[in-house]
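Colleague: Would you mind keeping the following structure in view while I ask a few things?
The values are calculated or read from the model by the stated rules, or taken from the named source; none is laboratory data. This is a predicted model, so every value here is computed, not measured. FYI the Cβ positions are ideal-geometry reconstructions off the backbone, even for glycines, and counts take in every protein chain you see.
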Amino acid sequence: MDIEGSVCLVTGGNRGLGEVFVRQLIGAGAAKVYAGARDPSAVTVPGAHAVQLDITDHDQVAAAAAACGDVSVLINNAGIMLASNHLNPDGEQAAEREMRTNYFGTMSMCRAFAPVLGRNGGGALVNILSVASWYASPFTGTYASSKAAAWLLTNEVRLQLREQGTHVVGVHASFIDTDMSALLTDVPKVSPQSVVEQTVRAIREGHKEVLADERTRQVKAALPRDLELLYDPL
């Protein structure tokens with residue numbers, strides 16, 4: 001499907017990758033772009049329609065689905081990364097928070113907006129995932145668990161929504177040059193503009209997956225030998 005003339009909703013649309021999505025979707029000719037944010041006043045992109053939306057709050061998700069009944073493209077971008085691991089003193093709390101947002105929050109959005117997309121001809125549903133869907137390090141241990149769960153959610157939702165004609169895209173990237181990775185100054189980063197451009201192309205051309213940078217492509221290719229190629233060097 002084409003973005004031009006579509007109605008889009010971007011979660012976490014007030015900053016970082018989400019804000020770039022909002023700007024570029026408007027620039028690509030979307031008829032309307034909703035920017036979901038916990039604080040709607042933080043949405044500053046000209047032309048965007050701010051929506052109060054904390055994806056961990058079921059009432060707010062339901063209210064957004066009711067208020068944004070014209071959505072044909074859903075971008076599940078909102079997420080958190082707490083840079084913890086399962087054996088840290090705060091590991092359990094970090095895992096719970098990341099699961100609540102990255103997995104359960106994304107699930108809640110999928111469940112609430114699947115009927116909306118169906119009524120509007122199928123449309124597209126995009127889940128922003130991560131190279132951490134397939135690869136855990138001590139820096140991203142608990143985050144990786146939440147993104148691995150979200151990856152499986154994405155694949156299952158794709159099967160569920162096939163009959164209603166909804167195109168489901170999983171977007172995987174390594175470090176994106178946003179505030180989330182600002183403290184990491186010595187690693188390669190992909191620009192948020194590149195991630196958005198690749199995602200829009202996947203929507204237009206019917207691709208199911210975006211591997212947004214070289215590191216992500218290498219990790220995906222290494223999965224048959226991940227214990228040897230990915231973990232042994234650590």
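Colleague: Take A83 and tell me if it is within 19 Å of the chain's Cα centre (by Cα), within 30 Å of P138 (Cβ to Cβ) and surrounded by fewer than 20 Cβ atoms within 10 Å (Cβ to Cβ).
Modeller: Values: within 19 Å of the chain's Cα centre (by Cα): yes; within 30 Å of P138 (Cβ to Cβ): yes; surrounded by fewer than 20 Cβ atoms within 10 Å (Cβ to Cβ): yes.
Here the answer is yes, as A83 does meet what is asked.
Colleague: May I pose another question? Considering segment 1-42 alone, what residues qualify as being of a type in the set (V, I, T), surrounded by fewer than 22 Cβ atoms within 10 Å (Cβ to Cβ) and free of Cβ contacts under 8 Å to residues at least 60 places away in the same chain?
Modeller: Once the filter is applied, which keeps residues that are of a type in the set (V, I, T), surrounded by fewer than 22 Cβ atoms within 10 Å (Cβ to Cβ) and free of Cβ contacts under 8 Å to residues at least 60 places away in the same chain, segment 1-42 yields only I26.
Colleague: Being surrounded by fewer than 16 Cβ atoms within 10 Å (Cβ to Cβ) and of a type in the set (A, V, I, L, M) narrows it down to one of A94, A67, so name that one.
Modeller: On the way: A94 fails: surrounded by fewer than 16 Cβ atoms within 10 Å (Cβ to Cβ).
Result of the check over A94, A67: A67.
Colleague: Now a separate question. Which condition number in (1) within 15 Å of N77 (Cα to Cα); (2) at pLDDT below 95; (3) not hydroxyl-bearing (S, T, Y) is the one that I128 fails?
Modeller: (2)
Colleague: Pick from A31, A37, A42, A50: which is at pLDDT 95 or above and out of contact with any Ser or Thr (no Cβ under 9 Å at 6 or more places or on another chain)?
Modeller: On the way: A31 fails: out of contact with any Ser or Thr (no Cβ under 9 Å at 6 or more places or on another chain); A37 fails: out of contact with any Ser or Thr (no Cβ under 9 Å at 6 or more places or on another chain); A50 fails: out of contact with any Ser or Thr (no Cβ under 9 Å at 6 or more places or on another chain).
None of the other options fit; the residue is A42.
Colleague: On to the next question. Check off (1) surrounded by fewer than 22 Cβ atoms within 10 Å (Cβ to Cβ); (2) closer than 28 Å to P224 by Cα; (3) touching a residue at least 12 places away in the same chain (Cβ under 8 Å) for S146 and give me the number that stays unchecked.
Modeller: The one condition S146 does not meet is (1).
Colleague: Looking only at segment 203-216, how many residues end up being surrounded by fewer than 20 Cβ atoms within 10 Å (Cβ to Cβ) and either closer than 20 Å to L159 by Cβ or among the polar types (S, T, N, Q) (or both)?
Modeller: The number of residues fulfilling the criteria is 4.
Colleague: Follow-up. Is it fair to say H172 is without any contact (Cβ under 8 Å) to a residue 60 or more places away in the chain, out of contact with any strand residue (DSSP E or B) (no Cβ under 6 Å at 6 or more places or on another chain) and within 21 Å of V73 (Cβ to Cβ)?
Modeller: Details: without any contact (Cβ under 8 Å) to a residue 60 or more places away in the chain: yes; out of contact with any strand residue (DSSP E or B) (no Cβ under 6 Å at 6 or more places or on another chain): no; within 21 Å of V73 (Cβ to Cβ): yes.
In short, no.
Colleague: Quick one: what pairs do we get from segment 86-101, first residue at negative phi, second of a type in the set (D, E) and part of a helix (DSSP H, G or I), C-beta under 9 Å, 6+ apart or different chains?
Modeller: Listed by first residue and then by second, the contacts come to H86/E92.
Colleague: Right, next: Are any residues in segment 194-234 assigned to a loop (DSSP other than H, G, I, E, B) and within 24 Å of M1 (Cβ to Cβ), and if so, which ones? Break it down into steps so the answer makes sense when it comes.
Modeller: Taking segment 194-234 as the starting set, the residues that turn out to be assigned to a loop (DSSP other than H, G, I, E, B) are 206-208, 212-213, 232-234.
Listed by number, the residues that qualify are G206, H207, K208, A212.
Colleague: State whether the residues of segment 165-186 include one that is modelled with pLDDT under 95, touching a Phe, Trp or Tyr at 6+ places or on another chain (Cβ under 8 Å) and not small (G, A, S).
Modeller: Taking segment 165-186 and keeping what is modelled with pLDDT under 95, we get 174-186.
Narrowing the set further to residues that are touching a Phe, Trp or Tyr at 6+ places or on another chain (Cβ under 8 Å) leaves 181, 184.
From the residues that got through so far, the ones that are not small (G, A, S) too are 184.
There is at least one residue in segment 165-186 that is modelled with pLDDT under 95, touching a Phe, Trp or Tyr at 6+ places or on another chain (Cβ under 8 Å) and not small (G, A, S).
Colleague: I'm told V190 meets every condition in (1) over 27 Å from Q93 (Cβ atoms); (2) modelled with pLDDT of 95 or more; (3) among the aliphatic types (A, V, I, L, M) except one. Can you identify the failing condition by its number?
Modeller: The failed condition is (2).
Colleague: Still on this structure, please answer the following. Those residues that are on the phi < 0 side of the Ramachandran plot, among the small types (G, A, S) and in a loop (DSSP other than H, G, I, E, B), I need them from segment 4-29; list them, please.
Modeller: So in segment 4-29, the residues on the phi < 0 side of the Ramachandran plot come out as 4, 6-11, 13-15, 17-28.
Restricting the remaining residues to those that are among the small types (G, A, S) gives 6, 13, 18, 27-28.
Within segment 4-29, S6, G13, A28 meet the criteria.
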